[in-house]
1. Listed residues Val276, Val250; which is within 23 Å of Ala44 (Cβ to Cβ) and open to solvent by less than 20 Å² (accessible area, probe 1.4 Å)?
2. Only one of (1) of a type outside the set (Phe, Trp, Tyr); (2) open to solvent by 50 Å² or more (accessible area, probe 1.4 Å); (3) in contact with a Ser or Thr (Cβ under 6 Å, 6 or more places away or on another chain) is not met by Gly81, so which one is it?
3. Yes or no: the range 231-238 includes at least one residue that is touching a Lys or Arg at 6+ places or on another chain (Cβ under 9 Å), open to solvent by 20 Å² or more (accessible area, probe 1.4 Å), at pLDDT below 95 and not hydroxyl-bearing (Ser, Thr, Tyr).
4. Report yes if some residue within the range 94-106 is within 16 Å of the ligand (Cβ to nearest atom), acidic (Asp, Glu), under 15 Å from the mean Cα position of the chain (by Cα) and outside any strand (DSSP E or B); otherwise report no.
5. Is it fair to say Asp244 is out of contact with any helix residue (DSSP H, G or I) (no Cβ under 6 Å at 6 or more places or on another chain), at pLDDT 95 or above and more than 16 Å from the ligand (Cβ to nearest atom)?
6. Quick check on this structure: which one of Ser21, Ser25 is in contact with an Asp or Glu (Cβ under 9 Å, 6 or more places away or on another chain) and modelled with pLDDT under 60?
Amino acid sequence: MPPTVRTLVMGILNLTTDSFSDGGSWTTTGRALDHARAMVAAGADIIDIGGESTRPGATRVDPATERERVTPVIAALHAEGITTSVDTMRAATAAAAVEAGVDIVNDVSGGLADPDMDRVVAEANRDRPVDYCLMHWRADRFESAAGAADHGGDVVADVRDLLAAHAGRAEKAGVPRERIILDPGIGFAKSVDENWALLRAVPDLISDWSAAGYRTLVGASRKRFLTPLRPAADGGPGEPASADDATAAVSALAAAAGAWAVRVHSVAPTRAAVDVAACVAAGTGPALPEGWRARRG
Ligand code: PMM
């Protein structure tokens, strides 16, 4: 079934000093808010706010620092009517973010890093709807996205199985299924080929998860496996931002497959991609001023 609603664009706001690709750029609240507003102006529907990097080699920040980074930004954006998501593996940070008005808890550990996370999201849902994004990341300890984990020889089956287990666990804790978003965790402890194999499987994953009542988020933006598509002048992999065009292509494909949302650094090209996918699916363009639709060309 082609998608009937437009895929949402989640703009990334990393309030960290060392993220994958934009670490250190938005470390004061004022600059962070300016960047968030610019992403909204460029077409972002949701701003995903993170105070701790998962970049390979990153060390974890202390809980108070993480909380102090994210909550003022969430509160300010919420007051402006902007939908926000908090990218955290800590239940206490998620609880503070909920208090500040966050709409989505985005946990890259799929609820494994903190045994209180499911309960915090379930309790938040007693007052108002709070989405819970559960990402696939097979790790012994959630400290670094480095390296390739053992996915039993079939990364797609592993993503299906582990995320089904996460979702079942979260629902048992009291999170309503309609609040759960599943994310295949592109780039997290996966080899280059595993990332491409997962992207190939995204349409099947989306259709199965959607039939079961779950939404899907795809996050491939600036991930390392995309950079060899545009090598640097010396023949090595390009800088993370060199993958922005490839990211927009992934967004178009994910949107055509019915992804609920795509998580990206560079918003405008992805917004164009998901808008095109929605128009193609509908077989019609956006609302136009009188007289335009009849024009040829
Ligand atoms: N990737 C990163 C961080 N958080 N959250 C979700 N749900 N999905 C992702 O793919 C994801 C994420 C790492 O990328 P960044 O450090 O450039 O934000």
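The values are calculated or read from the model by the stated rules, or taken from the named source; none is laboratory data. Since we're looking at a predicted model, the values are computed, not measured. All Cβ positions, glycine included, derive from the backbone under ideal geometry; neighbour counts span all protein chains shown. To get the accessible areas, we keep the full protein, side chains included, count just its heavy atoms, and leave off ligands, DNA and RNA. Shrake-Rupley method; radii C 1.70, N 1.55, O 1.52, S 1.80 Å.
1. Details: Val276 fails: open to solvent by less than 20 Å² (accessible area, probe 1.4 Å).
On inspection, the qualifying residue turns out to be Val250.
2. Among (1) of a type outside the set (Phe, Trp, Tyr); (2) open to solvent by 50 Å² or more (accessible area, probe 1.4 Å); (3) in contact with a Ser or Thr (Cβ under 6 Å, 6 or more places away or on another chain), the lone unmet condition for Gly81 is (3).
3. First, the residues of the range 231-238 that are touching a Lys or Arg at 6+ places or on another chain (Cβ under 9 Å): 237-238.
The next check asks that each one be open to solvent by 20 Å² or more (accessible area, probe 1.4 Å); those that pass are 237.
Subset that is at pLDDT below 95: 237.
Still in the running and not hydroxyl-bearing (Ser, Thr, Tyr): 237.
Yes - at least one qualifying residue is present in the range 231-238.
4. Applying the first criterion (within 16 Å of the ligand (Cβ to nearest atom)) to the range 94-106 yields 94, 97, 102-106.
The next check asks that each one be acidic (Asp, Glu); those that pass are 103.
The next check asks that each one be under 15 Å from the mean Cα position of the chain (by Cα); those that pass are 103.
Checking the rest, the ones that are also outside any strand (DSSP E or B) come to 103.
Looking for residues that are within 16 Å of the ligand (Cβ to nearest atom), acidic (Asp, Glu), under 15 Å from the mean Cα position of the chain (by Cα) and outside any strand (DSSP E or B), one finds at least one in the range 94-106, hence yes.
5. no
6. On the way: Ser25 fails: in contact with an Asp or Glu (Cβ under 9 Å, 6 or more places away or on another chain).
So the residue among Ser21, Ser25 that is in contact with an Asp or Glu (Cβ under 9 Å, 6 or more places away or on another chain) and modelled with pLDDT under 60 is Ser21.
One line per residue, one yes/no per condition, for (1) at negative phi; (2) within 13 Å of the ligand (Cβ to nearest atom); (3) among the aromatic types (Phe, Trp, Tyr); (4) open to solvent by 50 Å² or more (accessible area, probe 1.4 Å):
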residue: Pro56; (1), (2), (3), (4): yes, yes, no, no
residue: Thr59; (1), (2), (3), (4): yes, no, no, yes
residue: Pro63; (1), (2), (3), (4): yes, no, no, yes
residue: Val73; (1), (2), (3), (4): yes, no, no, no
residue: Ala76; (1), (2), (3), (4): yes, no, no, no
residue: Ser85; (1), (2), (3), (4): yes, yes, no, no
residue: Ala92; (1), (2), (3), (4): yes, no, no, yes
